[in-house]
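Below is one structure, written out as structure tokens; comments come after it.
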Amino acid sequence: MASVPPGVSATANRLADTPLAPWTRDAAAIASSPSADAGPTGHPRPAVTPPVATPTGPADPRSGAGGRAGDPDEAGVGGGADASGEPGGSARGRVRTTTKQRGRMSATKARALVELAPRYALGDAAASPLGTWLDRSFGRRAPRLLDVGTGTGEATVAWARAHPDQDVVAVELHRPGLARLLAGIDAAELDNVRVHEGDARDLLAGAGPGDLSAVRVLFPDPWPKRRHWPRRLVDGAFVARVADVLAPGGVLQVATDWAPYAEQVRAVLAAERRLGSPSAARPDRPVTAYEAAARAAGRPVVDLVTHRL
Ligand SMILES: C[S@@+](CC[C@H](N)C(=O)[O-])C[C@H]1O[C@@H](n2cnc3c(N)ncnc32)[C@H](O)[C@@H]1O
């Protein structure tokens, strides 16, 4: 049974007094464009004062890399990489782990971000230790899953809906995907999901020992070309950081449809002595959008699951 930690309020809308995540500012600028006149969810629109708009960055010339052809959210209004040139505003020099752009999106999706982020976004999570933010945000101590690279988020919503006794933190670099996830959370009226736009590595860097009960990385970008292997998210450093912050018995799940990546994951898991031997049995987890496409294309899926010793 989840409990409320001392000093933590369990009232609704617990995030209202926390600073909005900086990424919602760009969305506010896009949402206030003249074409943005339709609500995203069908729910009554909350009275939200959009944060002060800041100029958005230039369109990213890598447009389309990893996007869906013909999707206006991949080729639409505004967005682009920030000053660092990387999706999610990662620090200069950081290896980028995705082909996707940070987020050129339609006004409708931008409005979903502006309207729903105050309710479900983790706020400026980089500003204080992750565990503290999660205590304040969820208002309880329940098992906590970090869902890394949630894409459009259908699987995250399905999982959270089926597990109301767990709290889920979704971290994703791709804003249009986050907008869809937010709309899904809102439509399902879930109170056990928070979202964060950013690099999962940054969120993990702010976590302390035992802050997370599970970390799930479903279908990270495969980076098949050898020269791109350093961009793969699940490497030794990532796994070591996960081991730092998982509670004893906590679980790390990785799935991929790319056999050479699976071999890499197997090797880095085996090298991390704080984690048990990985199992290749499919765990209890949702089917993701990417997985459905992989299966339809005949690509076999490899699951690797281990736990913190
Ligand atoms: C191949 S997609 C899979 C999406 C989803 N998990 C699925 O299976 O449908 C990989 C996702 O990971 C996200 N991603 C890549 N690197 C990331 C990082 N460092 N932090 C957070 N998300 C990341 C990408 O933006 C992309 O949406």
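Can you give the net charge of the other residues whose Cβ lies under 12 Å from the Cβ of ALA214, counting K and R as +1 and D and E as -1?
Computed value for this residue: 0.
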Cα-based Rg of region 147-249 normalised by 2.2 N^0.38 Å, two decimals: 1.11
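If I take R0 = 45 Å and measure r between the Cβ atoms of ALA280 and ASP124 in this structure, what FRET efficiency does the formula 1/(1 + (r/R0)^6) give, to the nearest 0.05?
0.70
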query: Exactly which trypsin sites (Lys or Arg not before Pro) in region 271-309 are in a DSSP loop and have at most 11 other Cβ atoms within 10 Å?
result: ARG273
statement: Once both label points are put 7 Å beyond Cα along the C-beta direction, the TRP229-ALA293 separation in nm becomes 2.5 nm
Region 127-240: relative contact order in percent, alpha carbon pairs under 8 Å with at least 6 residues between: 31 percent
- prompt: Using mean Cβ contacts within 10 Å as the protection proxy, how do 111-123, 225-237 order, highest first?
  reply: 111-123, 225-237
statement: Residue span THR99 to ALA158: 0.36 nm per residue of separation minus Cα-Cα distance leaves a gain in nm of 18.7 nm
- line: Zone reached by a paramagnetic label modelled 7 Å from LEU309 Cα along Cα→Cβ, restricted to region 245-276 with backbone N below 11 Å, covers 271-276
- request: Would you please state which residues of region 234-261 a label at ARG273 would reach in this model, taking the label point 7 Å out along Cα→Cβ and a backbone N cut-off of under 19 Å?
  value: 236-246, 248-249
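Read-outs: derived from the displayed coordinates by stated rules, not from any lab. Because the structure is predicted, anything quoted here is derived from the model rather than measured. Cβ coordinates were reconstructed from backbone atoms using ideal geometry, including for glycine residues, and neighbour counts include every protein chain displayed.
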